[in-house]
Amino acid sequence: MRAAVITEEGQMELKEVPVPRPGPGEVLIRMEGCGICSSNLPPWEGREWFSYPMEPGSPGHEGWGVVEQTGDGVTSLKAGDRVTALSYHSFAEFDVARADQTVRLPDALGEHPVPGEPLGCAMNIFRRSGIEPGMHVAVIGAGFLGCLLIQLAVQAGATVTAISRRRSSLEMARKLGADHILSFENSEELPARMEEQTGGDLCEVVIEATGRQEPLSLAARITGVRGRLVVAGFHQDGPRQVDMQLWNWRGLDVINAHERDPAIYMQGIREAVDALVQGRLNPDTLYTHTFSKEDAQSAFKTLQQQPEGFTKALILF
């Protein structure tokens, strides 16, 4: 099979490698495609703790496709089932996943791309955010994850404010139903703007979905007394500083909404599939850039640069 391999810092090449075999309790999936996650960038860009070349297909973990073969003991799936799964070498024509970490996709989804892992993350974050009708909710960062959360918060009946740097991201948030859009370029003015919008109370829930220091600091400043600050961004480039005095004074509930239990991941993915079928979640317009497997290098460069209009890139096999 052909698999994308990160051969060195900033370089990804397509290589011929053996097709993996499913072990007991596993399935072999012929991949249709795989989303590129922001967490994939550091391995591609290079960090001192990574070694190269990396394993073929890694670190792709947002894949979907069709079951090609089942391992011993698998009765829940069969060859031909269209699925999304928690697997970790999905920048390849085939990948192996545990059967109990694979979700069959209903016919109603047709040939729509279903990168289950990020969709499941959005559902899990939304559940932990505790958003209820009538709440004032701010989402900082209108990338793929932020836009999914904006959709879900709007569906829940909240008054939603989207905050982002890029004009195209704010326009996307508006199309998804955000009641207010604010540019992060005027970040010093935003607490006052949020006070105006909320009658002085600020937000009951603020979701930080960028993984960066400045938006995290802003998130605390626009969360109201006894409000909930939800850290959804993946902070992977060093320590962070927080205004603990402000957190204490306002009595904030701070939630790190990153899961590590595979069972909870799977719960989120199953809920995401249900939400797709029901129409509560519609990510199709968020898949703004698609690339062939031969052009995986360009896909990573596009994610790194994030040009105007970019939300989510998919590599299609």
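Read-outs throughout are calculated quantities, based only on the coordinates presented, and are distinct from any laboratory measurement. Just so it is clear, the structure is predicted and the values come from calculations on it, not from any experiment. Note: ideal-geometry Cβ built from the backbone for every residue, glycine included; neighbour counts use all protein chains shown.
Just wondering, is there one or more residues in segment 277-287 that are more than 15 Å from the chain's Cα centre (by Cα) and of a type in the set (Phe, Trp, Tyr)? Can you show your working first?
As a first pass, look at segment 277-287 and keep what is more than 15 Å from the chain's Cα centre (by Cα): 277-280.
From the residues that got through so far, the ones that are of a type in the set (Phe, Trp, Tyr) too are none.
Checked segment 277-287: no residue is more than 15 Å from the chain's Cα centre (by Cα) and of a type in the set (Phe, Trp, Tyr).
Of the residues in segment 235-267, how many are within 16 Å of GLU214 (Cβ to Cβ) and hydroxyl-bearing (Ser, Thr, Tyr)?
Of the residues in segment 235-267, 0 are within 16 Å of GLU214 (Cβ to Cβ) and hydroxyl-bearing (Ser, Thr, Tyr).
Give the number of residues within segment 299-317 that are touching a residue at least 24 places away in the same chain (Cβ under 8 Å) and assigned to a loop (DSSP other than H, G, I, E, B).
Narrowing segment 299-317 to residues touching a residue at least 24 places away in the same chain (Cβ under 8 Å): 299-300, 303-304, 306, 308-317.
After this cut, where a residue has to be assigned to a loop (DSSP other than H, G, I, E, B) as well, the list is 306, 308-311, 317.
Count: 6.
Looking only at segment 170-225, which residues are surrounded by fewer than 15 Cβ atoms within 10 Å (Cβ to Cβ) and at positive phi?
Scanning segment 170-225 gives GLY177, GLY199, GLY200.
Of the residues in segment 269-298, how many are closer than 21 Å to LEU148 by Cα and in contact (Cβ under 8 Å) with a residue 24 or more places away in the chain? Reasoning before the result, please.
Step one: of segment 269-298, the residues closer than 21 Å to LEU148 by Cα are 269-290.
Next cut, in contact (Cβ under 8 Å) with a residue 24 or more places away in the chain only: 269-273, 275-277, 280-290.
Of the residues in that region, 19 qualify.
Any residue that is in contact (Cβ under 8 Å) with a residue 12 or more places away in the chain, outside any loop (DSSP other than H, G, I, E, B) and among the acidic types (Asp, Glu) - is there at least one of those in segment 70-92?
So in segment 70-92, the residues in contact (Cβ under 8 Å) with a residue 12 or more places away in the chain come out as 70-74, 76-77, 79-92.
Restricting the remaining residues to those that are outside any loop (DSSP other than H, G, I, E, B) gives 70, 82-85, 92.
Those still in the list that are among the acidic types (Asp, Glu) too: none.
Among the residues of segment 70-92, not one is in contact (Cβ under 8 Å) with a residue 12 or more places away in the chain, outside any loop (DSSP other than H, G, I, E, B) and among the acidic types (Asp, Glu), which makes the answer no.
For segment 64-94, enumerate the residues that are more than 16 Å from GLU117 (Cβ to Cβ) and of a type in the set (Ser, Thr, Tyr).
THR70, THR75, SER76
From the set of residues in segment 78-88 that are surrounded by 19 or more Cβ atoms within 10 Å (Cβ to Cβ) and hydrophobic (A, V, I, L, M, F, W, C), which is farthest from GLY60 (Cα to Cα)?
The extreme case among them is VAL83.
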